[in-house]
Structures are given as C-alpha cells and as structure tokens.
Amino acid sequence: MASLSLSNIQKTFGTFKALQDVNLEIESGEFICLLGGSGCGKTTLLRIIAGLETKTSGNLMLDSSNLSEVDCHKRNVGMVFQSLALFPHLNVGDNIAYGLEVRGVEKSKRAAKAVELLEVVGLGGLYERKVSALSGGQRQRVAIARALAIEPKLFLMDEPFSALDAGLREHLQIEVKKLQRKLGVTTIFVTHDQHEAMSIADRIVILNEGRIEQAGTPTEVYAKPQTRFVADFMGTNNIFSPVFSAGQDAMLENANLGMPTGDLANVNGKYTIAVRPEYLRLKPASEYSKGLVGTVDFVRLLGASIETELSVGDRSFIHTMVSDRAPEFAVGDRAEIDFDFDHAWVIPS
Ligand code: ATP
C-alpha cells in the first residue's frame with residue numbers, strides 16, 4: 001500500500017495544454033476514479049503516474065520517494081489497459097507470471113503466485129489454457145491478475161471494461177472493487193462513465209480540459225457539485241435559469257422560486273439553481289397557483305421509476321419518482337413545479 005501525492009502537474013503537447021495545475025492527494029488503499037469526457041486528460045495523467053509519459057512540470061511523490069527519479073519499470077505499478085495487451089503465445093498462467101519472470105523470481109514461486117491469483121480472480125484451473133481460448137471477461141480477469149502478480153504499490157486501470165457488454169461490465173466492477181478492498185492496494189481507475197465511477201470509487205476526481213473540477217466521494221460529487229460542469233456530468237439536472245445575483249430573489253417566469261440565497265459567498269457573482277429530477281416536486285396546478293406552472297410533455301415508465309418531462313416556456317424540466325403507483329400526470333396536464341431546498345444547489349454560473 002502506498003500514498004500518492006500529485007503537485008502542480010502540467011503536461012503540454014506542443015502548445016496544447018493537456019494537464020494544468022493538477023493537485024491531488026491519494027491515500028494509501030484508496031480507490032480513486034478519474035472521470036471526465038473524451039480528451040480531458042485522464043489517460044495522460046495515468047500514463048504520467050505509470051512513467052509511460054513524462055510530465056512537463058510538477059511533482060509526483062509515492063510515499064516518500066520522488067517518482068520522477070524512478071524509471072518506469074521500477075515504479076512497482078500494475079496496469080490494466082482497455083486493449084489488455086496479453087501475450088497470445090503464452091498460456092494464462094505464464095501471462096500472469098510474466099512480470100515476476102522479468103523480475104527474476106524463480107519458476108516455482110512464479111507458478112505458485114499465478115495459481116493463487118487465478119483463484120482470486122475466479123479462474124482457478126485455467127493455468128494451461130491458451131489466452132485465445134478465453135472469453136472477453138476471462139481475458140479481463142487475466143489482465144487484472146497479471147497486473148496484481150507483482151504486488152504493485154499502485155494499481156492503475158484505464159477503461160478496462162469499456163469493451164464488454166453491460167452485464168459483464170457491472171459484474172467485473174463489483175469483483176474488482178471487492179478484490180481491491182481485500183488486497184488494500186491503492187488504485188486509480190480511469191473511466192468516462194459516471195455510473196461506473198459512482199459504483200466503485202471511494203473518491204471521484206472529475207477532470208475537465210486538463211484541470212480537476214472537483215474531487216470527492218460519490219455522494220459528495222453527486223449531491224454537492226461545486227460547479228455547473230460537475231452538476232451536469234454527474235447526472236440529469238434541472239437548471240433553473242435565468243441566472244440571478246447574490247441578494248436578489250431567484251425568479252423564473254414571474255414566479256419567485258423562494259430559494260434562500262442570502263449567504264452566497266461572492267456577492268458580485270452570478271448564480272443559477274440546479275436540482276436533480278428526484279427532488280423536483282409536482283402538484284396539479286389550478287387557477288390559483290402562484291408558483292411555477294409547467295405543461296406535461298411526456299411521461300415515461302422506466303420500470304422502477306416514472307419520468308415526467310415538463311416545459312415552462314422554452315425551458316424543460318425532468319421529474320422522476322419511484323413507480324410504486326400509477327403516474328399522477330398525463331401529457332397536456334398542467335403542474336405546479338417546486339423543489340426541496342435542502343437538495344438544490346445554488347452554483348456559480
Ligand atoms: P479519452 O477518454 O478519449 O481516452 P482522455 O481524457 O483519456 O480521453 P487523453 O488521452 O489524456 O484524454 O488526451 C488529452 C488530450 O491530449 C487530448 O486532447 C489528446 O488529443 C491530447 N494528446 C494526448 N496524447 C498526445 C500526444 N502524444 N500528442 C499530442 N496530443 C496528445
């Protein structure tokens with residue numbers, strides 16, 4: 001187990017800034033997900049940690065050692081890529097034992113470790129099997145076992161499950177999380193899928209254009225996003241624009257939303273309100289309704305939940321609720337919309 005400290009990491013490719021001011025403290029045994037859209041710098045950051053890419057500036061410390069002074073192959077990092085890179089000419093056991101062979105570990109010890117790890121990843125008995133005769137999920141497990149065979153200080157995974165079907169992906173996410181807990185190895189997992197990050201990470205680090213937008217537990221980044229980007233990235237949101245200034249009432253279509261906004265940090269700032277669909281509240285509108293009134297455009301039954309889409313002028317809002325009863329609204333109905341203040345955020349616009 002090891003802790004990792006990243007200070008002011010920058011990476012430029014020519015004039016393009018792929019990473020800027022990346023600062024992050026990762027605790028020993030933590031499971032971190034680097035999450036962000038395509039091109040935000042996730043893989044570049046992982047490759048810098050692994051030593052496969054050089055940083056332009058900044059500092060990387062693994063416990064008390066400066067990683068910049070340690071060669072890639074001496075960093076004691078286990079890595080799993082999307083394109084697994086298993087050796088097709090070796091059988092399963094020899095693939096797993098490969099890293100130990102390179103490190104000069106004797107044959108019987110290598111084989112014993114491979115057998116042990118095959119059991120751990122649920123492939124006991126497949127030592128002699130050719131890699132080409134494995135299913136996609138089995139290959140993934142071999143790649144995980146191979147990365148763990150060297151007992152790495154850091155376990156790095158770059159979108160390892162993205163090529164698998166949804167069922168197998170979910171199964172392996174749970175497996176890898178359980179395995180990581182059992183072994184306690186400090187882990188960094190790259191993904192662009194917020195559901196994957198939410199389900200496995202101790203902490204999610206959200207990257208946008210080479211910068212960290214927010215780092216926090218899955219609950220924190222979902223329930224307390226600090227920026228509009230994070231709010232949008234972590235799930236569907238109802239954005240109650242237009243923006244308003246600190247000290248003003250938040251209004252929409254002449255309705256006062258009633259949101260307490262008195263203690264906003266930046267009095268000169270512009271703000272907007274964001275609410276998750278599960279915290280929107282609807283009630284039938286009447287001619288006496290004083291609040292925000294919308295028209296139901298669409299009702300979708302999604303198995304465990306019901307989703308209702310409404311519009312107010314040219315804005316649309318989404319409401320979800322558990323489907324333990326029949327939908328309360330039908331297309332064309334008018335509904336008064338409000339929300340639970342405790343679960344709404346005023347975020348800088
Ligand atoms: P994806 O999810 O699509 O893999 P990512 O977040 O992992 O994206 P990176 O692969 O880290 O993104 O790339 C970050 C940015 O740096 C991208 O704009 C990419 O085009 C650029 N980049 C990466 N490697 C190089 C390189 N060797 N030369 C030039 N630009 C590069």
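Assorted remarks:
- Qualifying position, being at negative phi and within 8 Å of the chain's Cα centre (by Cα), among Q214, Q194: Q194
- Some residue of segment 139-158 being more than 19 Å from M79 (Cβ to Cβ) and polar (S, T, N, Q): no
- Residue check, L282 modelled with pLDDT of 80 or more and touching a His at 6+ places or on another chain (Cβ under 7 Å): yes
- Failed condition for R325, given (1) closer than 25 Å to G258 by Cβ; (2) assigned to a loop (DSSP other than H, G, I, E, B): (1)
- Conditions (1) modelled with pLDDT of 95 or more; (2) over 18 Å from L207 (Cα atoms): number failed by L52: (1)
- For segment 135-191, filtered to residues that are surrounded by fewer than 17 Cβ atoms within 10 Å (Cβ to Cβ) and charged (D, E, K, R), the residue that is nearest to the chain's Cα centre (by Cα) is E170.
- Within segment 73-114, restricting attention to residues that are of a type in the set (D, E) and surrounded by fewer than 17 Cβ atoms within 10 Å (Cβ to Cβ), the residue that is farthest from the chain's Cα centre (by Cα) is E106.
- Filter result (under 27 Å from the mean Cα position of the chain (by Cα) and either among the polar types (S, T, N, Q) or part of a loop (DSSP other than H, G, I, E, B) (or both)) within segment 294-322: L302, G303, A304, S305, T308, S316, T320
- Restricting segment 29-50 to residues that are within 15 Å of the ligand (Cβ to nearest atom) and in a loop (DSSP other than H, G, I, E, B), the residue that is nearest to the chain's Cα centre (by Cα): G36
- Failed item, numbered, when A97 is tested on (1) assigned to a loop (DSSP other than H, G, I, E, B); (2) small (G, A, S); (3) in contact with a Lys or Arg (Cβ under 9 Å, 6 or more places away or on another chain); (4) more than 30 Å from I9 (Cα to Cα): (1)
- Among the residues making up segment 81-110, a single one is closer than 24 Å to L134 by Cα, of a type in the set (S, T, N, Q) and without any contact (Cβ under 8 Å) to a residue 12 or more places away in the chain: S83.
- Qualifying positions in segment 1-28 - assigned to a strand (DSSP E or B) and β-branched (V, I, T): I9, T12, V22, I26
- Test: A114 is under 23 Å from K177 (Cα atoms) and not acidic (D, E): yes
The values are calculated or read from the model by the stated rules, or taken from the named source; none is laboratory data. Every value quoted in this text rests on a predicted model; they were computed, and no experiment measured them. Here the Cβ is made from the backbone with ideal geometry for all residues, glycine too, and neighbour counts use every protein chain on show.
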